[in-house]
Structure formats: structure tokens, C-alpha cells
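A short reminder: the numbers here are calculations on the coordinates, not readings from a lab. Because the structure is a prediction, the values reported are computed rather than measured. We place every Cβ from the backbone using ideal geometry, glycine too, and count neighbours over all the protein chains shown.
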Amino acid sequence: MKNSSLLTNLAILSKEMKGVATILGTVTSGVVLVLIAVVGLVALPADEARADDPNEGHVVVVLPGEQAVVRSILFSGQISRTAALQLTDLDVVAIGDSVCAIEGVGCPAATDIASCFCSDNWWSGAEWISATETWDTITWPPPLITDSSIVGFRWSKAAWGPPLFPGAAYSAAADALAWLRGQQSPTDGGYGLPGTTADVLMAVGANGSDPAEWRQPDSPSLVHYVLNKGTTYSKSGAGASGKLAVGLAATEACLPLGTLTPTDYYSPATGAFGPGSGFQAWATLGTRALSQTVPTTATQYLLSLAQPDGGWEWQSGFGSDTNSTALAIQALVAGGELVSSTAIVSGLSYLKSAQNSDGGFAYDAFGQSDTNSTAYAVQALLAAGENPLTSPWAISSSNPISFLVGMQLPDGSFEWQQGFGSNLFATVQAIPAVLGRANPVDTGLLSRCESAYLPVVVKGP
């Protein structure tokens, strides 16, 4: 999905790799079921489909570790689930009527039906049924998909089943990312402030997209912005360096030359990366994102900043809030704290005290639900092994995910609170949450970039 070797290229053109197939495969409970069926019309290539008033659908793929990504597709007529899968930019291997591997997971070396179902092929398929709000995993042969269909593929040895979240959550992420593309600066490839751009990196990375290809036509990419602004941003404090590290790891990018990492700010004597739990949490998450060991003293320092009500405050004297608490919970888990520990349980109790009847979370225990606070709370729940769709987080017919989906506007953006209109920051923070991804979104051993500056290369007439 992502290729960090592209980061130092002077000009990188986005490419859409579209395939054509009418194939479908399934594996359940370790038993291979090979059912060959003619399942319908062949999908048209994307360029042809666009010319024929195409249908639009979404394909969700949940990779090992519950790492979900979603892709929007265009097609004409009716197509099979696997034909839809092969219209995405994902690496798909299929033989006949069966899915062998997606993004190298499964049996990527398959050359025939027998090798397609090697011992590591645990892919299952499903379709989201809006009328019943359930994933259909049992109808056979699978019906052809039509306009607005959402299909899912999940790799799991544990159980035959659909993605974790409702289909509407994944399509919301895809629509939000489409809106987000249009907000990118054609001048420098960023999104205003470096901190906001770091959040964009997390959102883009959560969906397995390449930041080097994230650009307006003939304009600088996200990579260009990071290479030009990242180093200076990292020098503004431990929290900034941690946040940048989380974003870079999420997109499997390289570290700009001269960039400071959280360990550059760490004090072994106190265990502090920076002043206050907010900075400490981001620095801890950044350390883990870079696949570095979080010092025990750093975790202990963050634990010491917990407030009597179980929450955390951004800095001393600010008072507990859900955003700081959610970040602290994720950072503590990243640092090795058990989810059953008193601190994590108390932190979750604080979050619960700030949850409203609409399923969303307020900034503190007395306010109105907002998208940013709810998104952060969802990520904390996921990090702590909680399911935001079930009790105690589900309230009547509402839950944190349904609240977030309800905050999306028709253009794909999210608003902070109802009636406030499109909000960039709310949109960016909502995307990882509705994709079911906690921080750090990904971890990796990142190399230093080969260049400290990436010039703009614009195609001439």
C-alpha cells in the first residue's frame, strides 16, 4: 500500500492500478470451501466506467491486527465482490473463483487453485446490508453488488466474520479522505500548521495510503511539506516531535534530516519528555511509533500525572479533559501498562463520565458531545481492548461510532459540533477512529531521508 522509497524522488505521479476480474474465494474455520460459480458481469476498467455514468461502491479490507483500509470504486452494471476488490489499488492475487492474497497476506505465490489455499489463506468476504445493519457472510452464491454497495474482506484465523465496524463507518472514512484531498495546499502540500499536517499523516496512514502520492494535480505532496517543515516542527518540543513521529510511522515515511525524536527530549532523572501529560503522551506514542522502547520511568511519570477523578489534564492547572485522558490511555498502553491496571480502568471511568446519551463524548464531564473528543475516546477504547459498539459504551440505539457517522456532512467533511459546519481538524481526527485504529497507527524502524529538501516539480504545458 505504501512505499517509503518514493519519499526522496523529485517527482512522483499518482497511479491508479485497476484490474478486471469476476472471482471470489472463501475460507472458514480452517476448512477450504472451493465453490466455483459464475457470479456475473465483468467489471469495466475505471476509465471506461467513468464514461458510462458509473456506480460507486466501497471495498473494506481488514488485514491482520484488525488494520482496516477502505477504497472507493467506480463500476458499471453489477459486479462480483472480488471484481470490486480488484478495482482497488490493492495488491490482489486470485485464481479462478477464489481470493488467494491481498497485500501479500495469504498465499501470494499462488499459481493454481491448490496453491491458492495454502495454510495461510484465511480470507473471508461479506457485504454490508443497510436495511438490517449487518454484515452478510453466509449467502451463497454471493449476490452481485450494485450502486452504493459496501463489501468487506477480512483475514482472521480466530473467526469467520465481517469487519469490526458497520459499513457506514468505513464509507464515512473514504468520503472524509476524498474531502480531505481537496483541502490540501497546492503551494506547499500541507494543511496549514505543521501539527495539523501531522494529524493528516495519521489519517492518510490509517488508510494505508502513500503520502508521496497524496497531492493536488501537479503540486507538492505531503512528503514535500514534511521534508521542508518537519525538522523545524520537531524542534518545537517533545509533544511535536512525538506527534510527527506517529504521523511518519503511520505512513511508513522517512525522518527528515535533522529531525528531533522524543528521546532527544527525554530526562532519565525525572522520566519526563516534556511538561504536562499531553506532551508526555505524544512523546511516548512517538517513541513507540519509532519502534523504540518506552522507558519505564517515562510511563511512571505519566502515571503520576493522573488526577483524582481518574482523568488527565493537558498541563498542570488545566483540569481533566477527555482528549488528554484518551491520549494518556493510549500512551500508557503503548508503554506496556496493563489494560486491567487501576490507572487505565480509572481513566476509562472518567471517559464514561463524559459520555452523553447521544453516544458521543464531551471535552469534559459537563459539555456537549463533539467529534474530536469522541474520536480520541474511541481510539482510547480500542487501545484498551474495549468495543465502542457494545455496553457500556452503547447507549440505547446510540454508540460512539454512530455518533461520529452522524457528524459527517454530505460533502464528506465532519463538523466539530452540530451546526458548526465543516471542520478540518474534526475531519482529520475522525478518520482513524471510524477506521478502528488507535495510536500509534503503525510502528516501524524509519530511516533518515536522503534529502533535507524536496523541490517542487510541476509539469509544463
Taking a cut-off of 19 Å between Cα atoms, list the aspartates and glutamates near LYS352, but don't count ones fewer than 8 places away on the same chain. ASP309, GLU313, ASP321, ASP364, ASP370, GLU386
Placing +1 on the Cβ of each Lys and Arg and -1 on the Cβ of each Asp and Glu in the chain, which of ALA334, GLY57, GLN379 has its Cα farthest towards the positive end of the resulting dipole? ALA334
The ³J(HN,Hα) series, computed from each phi in segment 219-228 with the Karplus coefficients 6.51, -1.76 and 1.60 at θ = phi - 60°, rounded to the nearest Hz and given as x for glycine or proline, is 10, x, 9, 4, 4, 4, 5, 5, 5, 8
For the chain, with only Lys/Arg (+1) and Asp/Glu (-1) charged at the beta-carbon, what is the dipole magnitude about the Cα centre, in debye rounded to 20? 840
For LYS229, go through the aspartates and glutamates and keep the ones whose alpha-carbon is under 15 Å away, minus same-chain ones fewer than eight residues off. ASP188, ASP199
Given +1 on the Cβ of Lys and Arg, -1 on the Cβ of Asp and Glu, and no further charges, what dipole in debye does segment 78-134 carry about its Cα centre, rounded to the nearest 20? 100
Rank the residues ASP218, ASP89 as a footprinting-exposure proxy: fewest other Cβ atoms within 10 Å of their Cβ go first. ASP218, ASP89
Per-residue [θ]222 nm for the chain (sum of -39500 (n - 2.57) over DSSP H runs n ≥ 4, rounded to 500): -9500 deg cm²/dmol
From the residues GLN184, GLY359, ALA281, which one has its Cα farthest along the dipole of segment 169-434 in the positive direction, the dipole being from +1 and -1 charges on Cβ of Lys/Arg and Asp/Glu about the Cα centre? ALA281
Tell me which residues come under 5 Å, amide H to amide H, from ASP442 once H is placed; ignore anything under 5 positions away on its chain. ALA250
Starting with the fewest neighbours, write out PHE318, PHE165, PHE361 ranked by other beta-carbon atoms found within 10 Å of each beta-carbon. PHE318, PHE165, PHE361
Report the local net charge at ASP309: Lys and Arg +1, Asp and Glu -1, summed over other residues whose C-beta lies under 12 Å from its C-beta. -2
Rounded to the angstrom and largest first, Cα extents along the principal axes for segment 200-285 equal 49, 24, 17
Taking only C-alpha pairs under 8 Å that are 6+ residues apart, what is the relative contact order of the chain in percent? 15
